[in-house]
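The values are calculated or read from the model by the stated rules, or taken from the named source; none is laboratory data. A quick note: this is a predicted structure, and the numbers were derived from the prediction, not measured. Cβ placement follows ideal geometry from the backbone for every residue including glycine, while neighbour counts extend to all protein chains displayed. The accessibility values were calculated without ligands, DNA or RNA, using every heavy atom of the protein model including side chains. Shrake-Rupley method; radii C 1.70, N 1.55, O 1.52, S 1.80 Å.
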Amino acid sequence: MSILLFVLGVLFVAIGIAASIALHEVGHLVPAKLFKVRVTQYMIGFGPTLFSRRRGDTEYGLKAIPLGGYVSMVGMFPPARVDDGDGTGTAVRPSSTGMFQQLTTDARQAAAEQLRPGDEDRVFYKLPIYKRIIIMLGGPVMNLIIGVIMFAILIMGFGSPQATTTVSEVYECVVPASQQASTGQTACTDEDPAAPAFDAGLQPGDRVVSYDGQDVTDWTQLSAWIRDTAGDETAISYLRDGETVSTTITPLLTERPVPDIDGRPKLNADGTQVLEAVGFIGVGSQQELAPGPPSDVLPAVGDNIVAVTGVVINLPQRVVEVGQAAFSDAPRDPEGPISVVGVGRIAGEVSAMDEIPVESRLATLVGLVGGVNIALFVFNLIPLLPLDGGHIAGALWEGVRRTVARLFKRPDPGPFDMAKLLPLTYVVAVLLMGMGALLIYADIVKPVNLFG
């Protein structure tokens, strides 16, 4: 049964990602057709074509390697333009035998061979700049919309995890957070003091109802009271099997992470947790899904975008860390980049966890698909070819050049020749493929462990 659930979890996320890729390309396809650009191909995947069908000008198909997709439009590269001395730019660019120049020439020739009579006003490079930006933004925006929908289903339908006043675990001892960070110690030793909750007899499943004579209504409130009563013998009451049990407990003064307004640990500039000496009793809270209002959706998406952007900004360093972990005993960073293989593995492991309610497992899978779409949105906006952000940056640069020329009454410089950036594009593409291969390898030999 566990194997079947694992496979179902992987299939759920795989289908979700495949649909997201297909809709990403629809985000390019629809505005391109609305703006009368001739679209020759809409393909999901790369490599040999497994199936295709032509409708009108466009061939729709599925390829053998399902790791992306593309929409092919005529006129992505303008013809070569060289100033012939009178500002008209009609002279023919001389041939070159340089490797990079030859790559550019070959790409321009391949683009020219796609043209046919009647395409003069249906080429991509002749569109107004804002229309080109809309076409290239269409894919990432589609991923953003999917992400928002997935987070809306997650937050408003399933709900987000909320700490309750029910105890989920009781620690036998207290290990200072700084000691855990420096030594990695998690197990108790004879030198570690017993946890106050363990000494007081609390057990998993107990629901705390009062602390220091005050009714407990939520876990955040209880945590704040515990942190403020270090060293003080304090009355505590909890429900066990329907009966109220009253006793006393003395929180131990120890270093603990400082939570932010969302309950997550605050971080220093170097990424380490901010610590302070506060009261601690050594219990964990049982999490329950609680549906939230629509107003919680966009802030959650925004937080996810910020988190993914942080990973992307430090991507070279993060990838190096993944490589070091893959080829050494160093642990993987659970907040670092992972491949689709890693996402699928997490989906399968979550689905196979019988101890987690089915509703929580489904919520996690929906969250994974939503998170992948937010990652696709952010990643595709990187201003480098062959990513969508590279085409957007090229269009914006063309707009800047033409505006400057107009202000200074200079001749129109014409369309920005994206073909000139093809050598850099190939370098970026090779790096992206290498990064993808490394992440897949790491997710096989040293997968991210999110469940302890």
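Some observations on this one:
- Only one of the listed residues (LEU239, LEU253) is part of a strand (DSSP E or B), open to solvent by 40 Å² or more (accessible area, probe 1.4 Å) and modelled with pLDDT under 90. That residue is LEU253.
- In the stretch 399-436, residue most open to solvent (accessible area, probe 1.4 Å) [restricted to those that are modelled with pLDDT of 90 or more and of a type in the set (Gly, Ala, Ser)]: GLY434
- Test: residue in the stretch 212-223 that is assigned to a loop (DSSP other than H, G, I, E, B), out of contact with any helix residue (DSSP H, G or I) (no Cβ under 8 Å at 6 or more places or on another chain), farther than 24 Å from ALA290 by Cβ and at pLDDT 90 or above: yes
- Pairs where the first residue, in the stretch 1-16, is without any contact (Cβ under 8 Å) to a residue 24 or more places away in the chain and the second is open to solvent by less than 70 Å² (accessible area, probe 1.4 Å) and not in a helix (DSSP H, G or I), C-beta under 6 Å, 6+ apart: none
- Residue selected from the stretch 153-208 under the condition farther than 27 Å from LEU267 by Cα and small (Gly, Ala, Ser), by the criterion modelled with the lowest pLDDT: ALA194
- The lone criterion from (1) touching a Leu at 6+ places or on another chain (Cβ under 7 Å); (2) closer than 17 Å to SER2 by Cα; (3) assigned to a loop (DSSP other than H, G, I, E, B) left unmet by PRO334 is number (2).
- Taking residues in the stretch 149-178 that are of a type in the set (Phe, Trp, Tyr), and partners anywhere that are in a strand (DSSP E or B) and modelled with pLDDT under 90, the pairs with Cβ atoms closer than 6 Å and at least 6 places apart or on different chains are PHE158/LEU289.
- One residue alone among LEU396, LEU362, LEU385 is outside any helix (DSSP H, G or I), surrounded by fewer than 21 Cβ atoms within 10 Å (Cβ to Cβ) and either at positive phi or in contact (Cβ under 8 Å) with a residue 12 or more places away in the chain (or both), and that residue is LEU385.
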